[in-house]
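Participant: One structure follows; several queries about it will come next.
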């Protein structure tokens, strides 16, 4: 077998590798892929997943919480807004296939570095494909889209350096730009790769860096234009709203470090560190390529360091470091095939156990969830029973998550959010005009009895119809008469405007310079734009 994997012979090399795999490894891979397929069918639609599906109903320059790539991907899967592909299995197919493509690209990326055996490269991809990280590629959300485009981008970046052509540089720039428009976390990857290119500019030349940078800046400009003409939504949400109420907790730091170790695989990290000892085997020496190590570290460490700093004041989500830990799997190329084989088995069985526990938990969700929380869960596990109690047409929920899930399951695009002052999920603000509803009767879905009292200030009277969904869960269908817009503006919209639609005074007045509207929310409800 050739020491490098040439693209035309990839499937030949794959066939040879598969033939050399033990029956144990083959059964493990098939069992893992089957488990993921079962999860695709069995995991209930999540609130965030449904929220992004709503994004995909229309093609926009951007959306409230994050840059737009996940919305664009779901728009394509939807059938370019026609609704032809409007099915959860279609949406989740992206995540399922993305893990396979990432594994393929890990192999293909390693072809650009010398002395790497194809068997080792395939084992690296195998170790990722059956890992707990890959198990997370069941739900299509902005993080799975981010990792997908980041890995594609890194592949073309490595290719552009190894085979410097204008096309490779353009493709690297395009996919790095799409990664940036997936989530701002990708910005740290862009900064790291820019610094690497700058440091080694004599080796690779300034033309590649200039082309990639120019293309990326077009994507940055697109996002900047959207923010400037949409109340700085993405910027305010990610850099201001999400950091309020922060305080130091050592437990968050320790949890973050343990999480990184778990995602990278404890056995893999142990083997990788051990490979640097003097008694390392010849395979490890042969597969060690400094350019690969440097490029991967420049692409991944900036984000990991930023998240470490974040962990001093905020808990770090399990999905936040996925971009970095996925690319760090490339460094396992240093391990011998024998150690990689053990890593595959360790990752595979760990993922199978986690998946089995998740399936067991889903089958026992009513027994596991405390009675006080069952009213939150039933919306996701028994949405058809909720939809049966709600009318077609305009309905309001009290949060973006239940709004998005019920919009999907009830096939009702007129479900909106009422009375929410949350920093999350405010895309619905663009689809509602409470000023135009003044004096009207509104229908609301209320999941908890204690929320009913909070509705009273906004209506002259409430007609409340309780209905049961499963054992111990009572929901409320409420009709509020004579909606009082002035009170709603004072108690809800004013708070929302001040907290989520008012940037600091030092923000540039780009919209004003361009002669376009800067914040539709302020214009619609008569709030002054400073």
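Participant: Need at least 1 residues that are outside the structural domain of residue 500 (by TED's automatic domain parsing) and over 20 Å from residue 189 (Cα atoms) per element, so show me which helices (runs of 4 or more DSSP H) inside region 64-174 make the cut, counting only ones lying wholly within it.
Facilitator: 69-77, 88-110, 118-129, 132-135
Participant: Is it fair to say residue 238 is in contact with a helix residue (DSSP H, G or I) (Cβ under 6 Å, 6 or more places away or on another chain) and in a helix (DSSP H, G or I)?
Facilitator: The answer is no for residue 238.
Participant: Restricting to region 336-373, give me the number of residues that are more than 30 Å from residue 473 (Cα to Cα) and in contact (Cβ under 8 Å) with a residue 60 or more places away in the chain.
Facilitator: 16
Participant: Quick one: count up the residues across region 521-530 that are in a loop (DSSP other than H, G, I, E, B) and either modelled with pLDDT of 90 or more or closer than 16 Å to residue 438 by Cα (or both).
Facilitator: Of the residues in that region, 2 qualify.
Participant: Consider residue 473 against the criteria (1) at pLDDT below 95; (2) touching a strand residue (DSSP E or B) at 6+ places or on another chain (Cβ under 6 Å): it satisfies all of them except one. Which criterion is unmet?
Facilitator: (2)
Yes/no matrix, rows are residues, columns are (1) modelled with pLDDT of 95 or more; (2) under 18 Å from residue 234 (Cβ atoms):
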| position | (1), (2) |
| --- | --- |
| 491 | yes, no |
| 494 | yes, no |
| 497 | yes, yes |
| 504 | no, yes |
| 511 | no, yes |
| 516 | no, yes |
| 519 | no, yes |
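Participant: Within region 172-195, restricting attention to residues that are under 22 Å from the mean Cα position of the chain (by Cα) and more than 18 Å from residue 66 (Cβ to Cβ), which residue is surrounded by the fewest Cβ atoms within 10 Å (Cβ to Cβ)?
Facilitator: Within region 172-195, the match that is surrounded by the fewest Cβ atoms within 10 Å (Cβ to Cβ) is 191.
Participant: If you take just the helices (runs of 4 or more DSSP H) that sit entirely in region 362-438, which of them hold at least 1 residues that are in contact with a strand residue (DSSP E or B) (Cβ under 8 Å, 6 or more places away or on another chain)?
Facilitator: 374-381, 383-387, 400-409
Participant: Now a separate question. Just to check your reading of the model, which residue among 521, 467, 458, 445 is under 20 Å from residue 427 (Cα atoms), in the same structural domain as residue 423 (by TED's automatic domain parsing) and touching a strand residue (DSSP E or B) at 6+ places or on another chain (Cβ under 8 Å)?
Facilitator: Testing whether each residue is under 20 Å from residue 427 (Cα atoms), in the same structural domain as residue 423 (by TED's automatic domain parsing) and touching a strand residue (DSSP E or B) at 6+ places or on another chain (Cβ under 8 Å) leaves just 445.
The values are calculated or read from the model by the stated rules, or taken from the named source; none is laboratory data. Nothing here was measured: the structure is a model prediction, and the numbers come from that model. Neighbour counts run over all protein chains shown; Cβ positions are idealised from the backbone, glycine included.
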